[in-house]
């Protein structure tokens, strides 16, 4: 019986990890290709949630979760063109500062437009309730989120590994100087990657809006977990982030099963241990000065 | 509270509900306008007892892991003990938890009769949303809620019995006037904190007017005289002189069935005020023995 409970937490943790993956993968891509630590990533998650709640009022849930990431991705173009582009070759502290500032500005802008009180958002009736798969309880809605995550993951993998666009991006992650020497401008690829990254964050926000509180500071709640996942997974890799996201979800679930008070701290302890033993992250590129 | 004490200035404490603030941590410069945890628990508790949801029933609680939550849990435990309720499990929830799924799985494993929330603020909303998401078959109640948290819970998610210190549908003329004026100015009804700020300022204004002074000691003396104030409820309120807690009615509420709400803010069916009209206002508040305070 006890083992069954534990297994249920593990499976639930995998589902949750899948969700963290959506946010973390975009963050990892933006860093891997552009070298920018995007502290504003949570702001795009929040914008995705707010846009989705707003669009749902007029067009319903389905169109909202499609249109809101698209809208935020378009904002991502402006973000990349007018803000990020200036900082690719600058001191990293500057991009940290500017993205942190953007996060704060976005939070206040949301507060000015929609007010400080949280918005009301609910799961569409057809996805309410739970299902049993064997003896495991799943919320129907989270299974939907899991399905979306798997589709997105597959799409991103195919894009990165089976297209010429992806070939250039991967080359740009490993040896940007060689890519330039071959006469390929990485700039448009970077714009596309930023669009993809913030679009995925917004998709996460749109899907999580019905099951979390939609308030102006919601971006800061997700950014720390996203960073932990990216650091554990290691920068520069695709499967590293996937593995890390699932691991974070599972570790949290198992810890809550046995020592609930340590549940939230467990993911940071995990990150600490990974950094001690393997600074590059589980499947990250080797960072010479740390190893 | 400590700042007010250091600077010897009157402080109207309008939001914190821990019993301890009116008990072992009390000081003479602070007057507590919001109801304490014991009253929250008793307001809901009485309603639950009437519905036969307490005696011999198994409760599972989720408690916010800071002083407020611990305090509320203690008040809840006192209530369960006094009414033969059975606390079979409690989970301490860190204040930054945004995903409750592991805890909901533990609740399912424990199979309680009633799930009870001792959480605060945003976490109540998130718990309500995720509890509705999972659709667990056990009724959920809570010993703490603010109106804004209820409004943010989303259509059809809130259920069960919860407490409130005031709600905008309260059928008292003075309250209705306040609500109408507020809606005219802001386009939406006031939530409980708007009411509490309004009456606190009115109380201070009344005290200043009556004493013709802003001197702290004179104001404290006026409030400690157990002067009655119109707090927009059926019964007037007064501050108890030994712990500076405003004695007032509170209300349990349930949720209107879908389709009955007139608008997005009309989701709550307010219950009858507690204590009953023929009982003293002190009936639900912690006694000197339960919550000793020396000013």
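Is there a residue being within 14 Å of chain A (Cβ to nearest Cβ), crowded, with 23+ Cβ neighbours inside 10 Å and closer than 30 Å to residue B:199 by Cβ anywhere in the range B:133-144? Checked against the condition, which is being within 14 Å of chain A (Cβ to nearest Cβ), crowded, with 23+ Cβ neighbours inside 10 Å and closer than 30 Å to residue B:199 by Cβ, the range B:133-144 yields no hits at all. Every condition in (1) closer than 26 Å to residue A:151 by Cβ; (2) at pLDDT 95 or above is met by residue A:166 except one, and the failing one is (2). Take the conditions (1) part of a helix (DSSP H, G or I); (2) more than 10 Å from chain A (Cβ to nearest Cβ); residue B:88 misses just one of them, which is (1). The residues on offer are B:17, B:50, and the sole one that is in contact with a helix residue (DSSP H, G or I) (Cβ under 8 Å, 6 or more places away or on another chain), at pLDDT below 95 and either closer than 24 Å to residue B:142 by Cβ or assigned by TED's automatic domain parsing to the domain that holds residue B:216 (or both) is B:17.
Report those helices (runs of 4 or more DSSP H) wholly inside the range A:184-291 carrying at least 2 residues which are at negative phi and either more than 18 Å from the chain's Cα centre (by Cα) or free of Cβ contacts under 8 Å to residues at least 24 places away in the same chain (or both).
Of the helices (runs of 4 or more DSSP H) lying wholly inside the range A:184-291, those with at least 2 residues that are at negative phi and either more than 18 Å from the chain's Cα centre (by Cα) or free of Cβ contacts under 8 Å to residues at least 24 places away in the same chain (or both) span A:187-208, A:239-258, A:263-277.
Taken over the range A:114-125, the residue count meeting the criterion of being outside any loop (DSSP other than H, G, I, E, B) and in contact (Cβ under 8 Å) with a residue 60 or more places away in the chain is 2. Going residue by residue through the range B:101-124, is there one that turns out to be more than 14 Å from chain A (Cβ to nearest Cβ), without any contact (Cβ under 8 Å) to a residue 40 or more places away in the chain, touching a helix residue (DSSP H, G or I) at 6+ places or on another chain (Cβ under 9 Å) and surrounded by fewer than 24 Cβ atoms within 10 Å (Cβ to Cβ)? No, the range B:101-124 contains no residue that is more than 14 Å from chain A (Cβ to nearest Cβ), without any contact (Cβ under 8 Å) to a residue 40 or more places away in the chain, touching a helix residue (DSSP H, G or I) at 6+ places or on another chain (Cβ under 9 Å) and surrounded by fewer than 24 Cβ atoms within 10 Å (Cβ to Cβ).
Go through A:248, A:242 for me and flag whichever is within 25 Å of residue A:7 (Cβ to Cβ), away from chain B (no Cβ under 13 Å) and either surrounded by 24 or more Cβ atoms within 10 Å (Cβ to Cβ) or in contact with a helix residue (DSSP H, G or I) (Cβ under 7 Å, 6 or more places away or on another chain) (or both).
Being within 25 Å of residue A:7 (Cβ to Cβ), away from chain B (no Cβ under 13 Å) and either surrounded by 24 or more Cβ atoms within 10 Å (Cβ to Cβ) or in contact with a helix residue (DSSP H, G or I) (Cβ under 7 Å, 6 or more places away or on another chain) (or both) holds for just one of A:248, A:242, which is A:242.
Scanning the range A:102-135 for residues that are within 9 Å of another protein chain (Cβ to nearest Cβ) and under 27 Å from residue B:138 (Cα atoms) turns up A:118, A:119, A:120, A:121, A:122, A:123, A:125, A:127, A:128, A:129, A:130.
Residue by residue, here is whether (1) surrounded by 21 or more Cβ atoms within 10 Å (Cβ to Cβ); (2) within 14 Å of another protein chain (Cβ to nearest Cβ) holds:
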| position | (1), (2) |
| --- | --- |
| A:212 | yes, yes |
| A:261 | no, yes |
| A:272 | no, no |
| A:277 | no, no |
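Here residue B:27 meets the list (1) under 30 Å from residue B:197 (Cβ atoms); (2) within 20 Å of the chain's Cα centre (by Cα); (3) away from every other protein chain (no Cβ under 14 Å); (4) surrounded by fewer than 24 Cβ atoms within 10 Å (Cβ to Cβ) almost entirely, failing just condition (2). Given the structure, is residue A:54 touching a strand residue (DSSP E or B) at 6+ places or on another chain (Cβ under 9 Å), more than 13 Å from every other protein chain (Cβ to nearest Cβ) and modelled with pLDDT of 90 or more? Answer is yes for this residue.
The values are calculated or read from the model by the stated rules, or taken from the named source; none is laboratory data. All of these numbers come straight from a predicted model, not from anything done at the bench. Cβ sites come from the backbone with ideal geometry, for glycine too, and all protein chains shown count toward neighbours.
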